[in-house]
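The values are calculated or read from the model by the stated rules, or taken from the named source; none is laboratory data. Because the structure is predicted, anything quoted here is derived from the model rather than measured. Note that each Cβ is placed from the backbone with ideal geometry, even for glycine, and that neighbours are counted across all protein chains shown.
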Amino acid sequence: MKTIWILTINILIAYVGYGQISNGVITYERTINLYKKFANFTEIKTYVKEEEKYRKDVYELHFNDTMSIFFPTVESTVHTWTSSCNTVTSYFNRQWMESMLFYNSDLVLVADSLQSKTWKITDKWRKIADYDCRQAVYQVDDTIRIYAWFTTAVIPHVGPESYRDLPGAILGLANEDGSITYFATKVESKPFDYINARQRFRFGEMTYAPKS
């Protein structure tokens, strides 16, 4: 009887672990509602037509259990006043993060320790990229709230930009006002290729052209 119980437990453990992704690439589509992002700019509708108010960019997140690299694809690296194409490299073992950010049309390197966020996990679910994802909420301050949807099928605590700290990968992320959203369109299980990811990451940086 004892042998049967041990065998059953081993099978259950194997079943739980089956299909979980620990190394791979997540492709996200980032959507910016320009009317909402520049709501304080009263002349926004003069410069951006109704049919052009949504800007869409594609990002990739390459990850394993020790680090992740989040960057725009080559097609999305054209920086304009309507959007910035930031890149973020996170080192989990060192609790360190390096970001390439746009500031006043210049590309700036920002390095800092990984910051923890306090999430409230809810009972709401939605399907993203064929994964059942559970909702979590991060209250930034009295007026700003961030919604995330994560899956435990991808076990590293990773996500777009610098968002993480949930029991699995964040496949969906959205500001409460809908001004910016990230939703995964594809999740691939593959070995983490640091050299290839960094080369693509650097190539993306080379396409940035700060204003003279």
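Take V158 and tell me if it is in contact with a Phe, Trp or Tyr (Cβ under 8 Å, 6 or more places away or on another chain), surrounded by 12 or more Cβ atoms within 10 Å (Cβ to Cβ), among the β-branched types (V, I, T) and within 18 Å of Y59 (Cα to Cα).
For V158, the condition - in contact with a Phe, Trp or Tyr (Cβ under 8 Å, 6 or more places away or on another chain), surrounded by 12 or more Cβ atoms within 10 Å (Cβ to Cβ), among the β-branched types (V, I, T) and within 18 Å of Y59 (Cα to Cα) - is met.
Would you call D112 at pLDDT below 80, exposed (fewer than 14 other Cβ atoms within 10 Å of the Cβ) and charged (D, E, K, R)?
So D112 fails the test.
Within the stretch 115-125, which residues are out of contact with any Phe, Trp or Tyr (no Cβ under 6 Å at 6 or more places or on another chain) and modelled with pLDDT of 95 or more?
K120, I121, T122, D123, K124, W125
Among the residues of the stretch 108-137, what is the count of those that are within 19 Å of V154 (Cβ to Cβ) and of a type in the set (G, A, S)?
Of the residues in that region, 2 qualify.
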